[in-house]
Amino acid sequence: AELDTLDIIVLAAILLGTAAYFTKGKLWGVTKDPYASSLATANGAKAGKTRNIIEKLDESGKNCIIFYGSQTGTAEDYASRLAKEGKSRFGLETMVADLEDYDYDNLDAIPNDKVVMFVLATYGEGEPTDNAVDFYEFITGDSPSFSEGNEPALGNLNFVAFGLGNNTYEHYNSMVRNVTKALENLGAHRIGEAGEGDDGAGTMEEDFLAWKDPMWTALQEKMGLEEREAVYEPIFGIVDREGLTKDSPEVYLGEPNKMHLDGVPKGPFNAHNPYIAPISKSYELFNVKDRNCLHMEIDVSASNLTYQTGDHIAIWPTNPGEEVDRFMNVLGLSNKRHNVISVKALEPTAKVPFPTPTTYDAIVRYHMEICSPVSRQFLATLAAFAPDEEAKAEMAKLGGDKDYFHSKVNVHHLNIARVLQTVGKGKEWSNVPFSALIEGVTKLQPRYYSISSSSLEQPKVISITAVVESQHLPGREDPFRGVTTNYLLALKEKQHGEPNPSPFGLSYEITGPRNRYDGIHVPVHVRHSNFKLPSDPTKPVIMVGPGTGVAPFRGFIRERKKQVENGETVGKTILFFGCRKRSEDFIYDKEWKEAKKVLGEKFEIVTAFSRDGPKKVYVQHRLKERAQEVNELLEKKAYFYVCGDAANMAREVNTVLGQILAEQRGISDAKAEEVVKNMRAANQYQEDVW
Ligand code: FAD
């Protein structure tokens with residue numbers, strides 16, 4: 001048989017791995033699997049690595065570093081794509097870097113023949129993502145101090161910037177805007193425009209694509225780069241581990257790290273290390289036709305996890321078996337899905353995004369976001385590996401033509417395997433290197449849920465309130481089904497005695513890797529939020545939370561009920577709740593009545609039903625009807641909260657509040673808007689929207 005490129009790469013990887021084993025491994029007296037990836041230990045990944053970016057650039061021979069500030073993985077993904085494109089089109093020596101992994105006081109020492117890119121997501125109310133907090137505080141701080149003492153401090157620094165934001169939020173793309181301003185104030189040179197992607201308008205991907213081409217042109221001029229014909233070069237080598245089977249104890253079958261593999265998961269539990277939590281209770285709050293709403297209670301008492309009312313819990317999903325099968329089949333991986341492989345980064349700065357050795361099945365099921373929207377650029381990359389000329393041409397067209405792509409792929413919510421099935425007319429795409437899939441399909445992300453319990457009442461049991469995602473789309477036979485919420489629905493069915501649950505025909509490996517999630521467990525971690533009740537319980541609160549937006553307010557109300565039971569005095573507590581019909585989806589109706597018994601006149605629920613009468617009534621209408629009372633409460637320093645749909649409801653509530661203030665206080669619209677802005681700045685107006 002001929003040796004193809006991949007074989008050579010794999011051979012090289014084996015040799016490299018072996019060399020590493022015989023040198024470093026021996027020298028340091030460490031016996032470790034030469035193929036084991038750095039992810040194998042939850043927190044050890046960063047141990048012993050330099051935090052000095054200059055040192056890193058020098059030792060790895062790089063001239064372009066792409067820093068990312070990412071919360072949900074999109075910014076990280078864009079950073080990787082820039083790295084790949086810079087390398088394949090312009091021969092740049094690129095590396096991707098987590099902002100959290102480096103210090104910045106020597107940014108001034110980066111020579112001007114190098115370029116630094118920043119891909120920065122804005123999170124929540126204009127905040128940096130968790131991994132970018134330190135960088136953001138440093139660079140936008142009063143007078144950041146740098147190692148070289150140059151004047152201007154960053155006069156040597158060439159940078160490129162792209163931001164990921166959402167225009168439904170007040171502080172749209174404030175991260176990239178503020179960082180760009182700060183860098184420029186320090187004398188750094190921006191190359192091209194600072195790009196801004198808008199998730200609110202649903203144009204993130206297209207904004208990114210439209211921004212990057214002129215940016216490359218500007219960079220080419222600045223650095224004198226020559227464009228060459230882009231050839232695909234894999235970043236990862238795949239090594240068959242013939243000595244191992246899926247039953248070998250060292251093989252990862254979906255365990256997130258070494259502790260989980262060894263069966264002794266330990267805290268701290270966080271975004272790298274989930275707690276496998278028992279679900280103590282689960283039921284449906286309503287279920288009509290295709291709409292289901294779940295209430296689940298997650299018991300964290302055997303862990304050191306803590307939460308406060310208003311925090312978020314992250315649920316780590318697994319992909320539905322049917323979509324895993326579809327992916328395996330169309331890519332010609334089915335017959336080797338349980339083969340054991342190691343994945344080795346062929347680039348010193350690339351990170352394998354999951355622990356190995358593992359199986360194809362485990363990677364696709366537990367680590368790849370195989371159901372999510374497909375990137376147009378990725379389809380263009382895959383054209384080279386199409387099973388025939390017709391499919392190749394179609395992939396190139398989809399990759400190159402934004403409107404065509406939108407009408408064929410986006411509107412039907414097709415995932416990657418469905419696109420390949422359609423374009424290839426059922427043929428197998430067995431030429432696609434597995435590395436290209438690791439690079440092109442994002443990492444499976446945990447989903448966040450607003451905690452709907454009160455930590456005062458139940459500190460060790462966290463509840464969530466989630467609506468099961470399902471959408472009928474014109475021109476698509478089966479409805480689109482959300483990954484995590486249908487997995488949760490399956491868990492609920494299992495808890496209620498269904499041995500092999502398959503809600504809507506979707507089945508999940510519900511007992512987890514090595515059956516360790518059996519007995520109804522789900523991997524979770526907690527994320528602390530700023531969405532909080534006033535520390536003084538006597539302050540009034542106004543809460544606007546239609547649909548599942550009521551989730552954190554259930555927690556708030558239960559908290560105040562508990563405070564009263566403990567003998568405390570609480571302020572007026574008003575909830576504006578909206579749904580379709582009183583008889584259909586009015587969730588927690590009974591609980592509100594119980595709260596009323598304890599809280600008395602302190603608690604009021606104002607309802608808006610959109611389908612109960614001839615006129616559609618929404619929460620913002622009810623808010624307006626109560627204008628006088630709302631204004632009076634705000635004058636008494638009431639806190640105002642909005643939770644739920646970011647795209648429409650939250651925005652309208654913001655507008656209506658401005659109108660209420662203008663009318664009640666006899667001030668101009670502009671002045672009223674100003675008041676609302678100030679309320680936000682002072683945390684008197686808080687949003688938890690998605
Ligand atoms: P996914 O599979 O992630 O799909 C979600 C959406 O992504 C789809 O509806 C669709 O619009 C889009 N999409 C996915 N795949 C494609 C595709 N191939 N093509 C095109 N579009 C696609 N939800 C609650 O129910 N309750 C809560 O309390 C709650 N709190 C939240 C708090 C925060 C801070 C955040 C960020 C979100 C919250 N959410 C909440 C939303 C929740 O995190 C999930 O997004 C939601 O449950 C859907 O998850 P899923 O995995 O089932 O759907």
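What follows is calculated from the coordinates using simple rules that are stated; it is not laboratory data. Predicted model, so just to flag it, every value in this text is computed and none were measured. Neighbour counts are summed over all protein chains in view; Cβ atoms, including those assigned to glycine, are modelled from backbone coordinates with ideal geometry.
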Inset, instruction - Step through the residues of segment 254-270 one at a time and calculate ³J(HN,Hα) from phi using the Karplus curve (6.51 cos²θ - 1.76 cosθ + 1.60, θ = phi - 60°), rounding each to whole Hz and writing x for Gly and Pro. - result: x, 5, x, 7, 4, 4, 5, 4, 6, x, 10, x, 10, x, x, 8, 7
Inset, instruction - Using the structure shown, select from 87/222; 572/597; 402/443; 281/581; 84/344; 532/561 the pairs with a Cα to Cα distance greater than 19 angstrom. - result: 402/443; 281/581
Inset, instruction - At 4 °C and 1.567 mPa s, grab the translational diffusion coefficient of segment 516-628 from Stokes-Einstein with a Kirkwood Rh over Cα pairs, rounded to a whole number in µm² per second. - result: 83
Inset, instruction - Quick one: what are the phi-derived ³J(HN,Hα) couplings along segment 143-154, Karplus 6.51/-1.76/1.60 with θ = phi - 60°, whole Hz, x for glycine and proline? - result: 9, x, 9, 10, 5, 7, x, 5, 10, x, 3, 10
Inset, instruction - List the residues whose amide H sits under 5 Å from the amide H of residue 196, counting only those 5 or more places along or on another chain, with H placed 1.01 Å from N in the peptide plane. - result: 163
Inset, instruction - Starting from the Kirkwood radius over alpha-carbon pairs of segment 308-384, derive D by Stokes-Einstein at 25 °C in a medium of 0.890 mPa s and give it in µm² s⁻¹. - result: 166
Inset, instruction - Please name whichever of 271, 202, 286 sits farthest to the positive end of the charge dipole of segment 190-294, dipole taken about the Cα centre and charges placed at Cβ: Lys and Arg +1, Asp and Glu -1. - result: 286
Legend entry - Area projected by the alpha carbon convex hull of segment 175-248, averaged over all directions, nm²: 10.2
Inset, instruction - Give the residue from 649, 102, 619 lying farthest towards the positive end of the charge dipole for the chain; charges sit on Cβ (+1 for Lys and Arg, -1 for Asp and Glu) and the dipole is referred to the Cα centre. - result: 619
Legend entry - residue 123 long-range amide H proximity, modeled H, under 5 Å: 129
Inset, instruction - Provide, in order from the shortest bin, the percent of all Cα-Cα pairs of segment 380-440 in each 5 Å bin, continuing until the bin that contains the maximum pair distance. - result: 4, 19, 30, 29, 15, 3
Inset, instruction - Grab the alpha carbons of segment 147-272, take their convex hull, and tell me the volume per residue in Å³. - result: 249
Legend entry - Helix-derived mean residue ellipticity, 222 nm - over the chain, DSSP H n ≥ 4, -39500 (n - 2.57), to 500: -9500 deg cm²/dmol
Inset, instruction - Would you kindly calculate the mean projected area, averaged across all directions, of the convex hull enclosing the Cα atoms of the chain, in square nanometres? - result: 33.0
Inset, instruction - Report the net charge of residues surrounding residue 538, where surrounding means a beta-carbon distance below 11 angstrom and charges are Lys +1, Arg +1, Asp -1, Glu -1. - result: +4
Inset, instruction - Compute from the Cα atoms of segment 459-588 the Rg and the Dmax, the latter being the longest Cα-Cα distance, and quote both in angstrom. - result: 18.9, 59
Inset, instruction - Kindly provide log₁₀ I(q)/I(0) values, in the same order as q = 0.12, 0.15 Å⁻¹, from the Debye equation applied to equal alpha-carbon scatterers of segment 589-672. - result: -0.44, -0.68
Inset, instruction - Using the 2.2 N^0.38 Å rule of thumb for compact globular proteins, work out how segment 405-500 stacks up: its C-alpha Rg over that value, please. - result: 1.49
